[in-house]
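Colleague: Questions regarding the structure given below will be posed in turn.
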Amino acid sequence: GGVAAFKNYIAEHLKYPEESRKKKIQGRIIIGLVVKENGDVDYVRVDKGLDSYCNDEAVRLVKSFKGWIPGTQKGVKKAVHWYALVDFKL
């Protein structure tokens with residue numbers, strides 16, 4: 001499903017942190033990650049965040065998504081660095 005599947009997953013599973021909601025914090029978080037040759041994610045980190053509550057939720061979502069597909073080069077699966085965007089909007 002690619003990027004569309006990831007966006008749908010985020011939309012269905014995002015739990016807006018109550019502390020962030022109270023403070024009306026919203027925006028986009030950029031998560032850097034590596035998709036390994038077997039499709040597992042590793043090295044998940046916040047490259048651009050909002051607050052610790054939203055950042056933690058974005059990392060949780062990225063780590064829990066099971067639809068990652070590794071990159072390929074000349075037919076061989078390779079680990080790839082990727083950026084995931086997670087939007088928090090009230």
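Colleague: Taking segment 69-90 on its own, how many of its residues are open to solvent by 30 Å² or more (accessible area, probe 1.4 Å), over 9 Å from the mean Cα position of the chain (by Cα) and within 24 Å of residue 15 (Cβ to Cβ)?
Modeller: So the count comes out to 4.
Colleague: So, one more: Identify all residues within segment 5-27 that are of a type outside the set (A, V, I, L, M), at pLDDT 95 or above and open to solvent by less than 70 Å² (accessible area, probe 1.4 Å); write none if there are none.
Modeller: Selection gives 16, 17, 20, 27.
Colleague: Give me the pairs, please: first residue somewhere in segment 32-46 and open to solvent by less than 40 Å² (accessible area, probe 1.4 Å), second residue anywhere and of a type in the set (A, V, I, L, M) and part of a loop (DSSP other than H, G, I, E, B), beta-carbon distance under 6 Å, and either six or more positions apart or on two chains.
Modeller: Hits for this filter: 34/79.
Colleague: Looking only at segment 35-61, count every residue that is at pLDDT below 95 and β-branched (Val, Ile, Thr) and tell me the total.
Modeller: 2
Colleague: If you check residue 61 against the conditions, is it assigned to a strand (DSSP E or B) and either under 18 Å from residue 87 (Cβ atoms) or hydrophobic (A, V, I, L, M, F, W, C) (or both)?
Modeller: no
Colleague: Consider residue 56 against the criteria (1) of a type in the set (Asp, Glu); (2) part of a helix (DSSP H, G or I); (3) more than 12 Å from the chain's Cα centre (by Cα): it satisfies all of them except one. Which criterion is unmet?
Modeller: If we test residue 56 against (1) of a type in the set (Asp, Glu); (2) part of a helix (DSSP H, G or I); (3) more than 12 Å from the chain's Cα centre (by Cα), just (3) comes out false.
Colleague: Failed condition for residue 62, given (1) free of Cβ contacts under 8 Å to residues at least 24 places away in the same chain; (2) open to solvent by less than 60 Å² (accessible area, probe 1.4 Å), with all others met?
Modeller: (1)
The values are calculated or read from the model by the stated rules, or taken from the named source; none is laboratory data. Since the model is a prediction, treat every value here as computed from it, not as a measurement. Don't worry about glycine lacking a Cβ; one is built from the backbone with ideal geometry, like all the others, and counts go over all protein chains shown. The accessibility values were calculated without ligands, DNA or RNA, using every heavy atom of the protein model including side chains. Shrake-Rupley method; radii C 1.70, N 1.55, O 1.52, S 1.80 Å.
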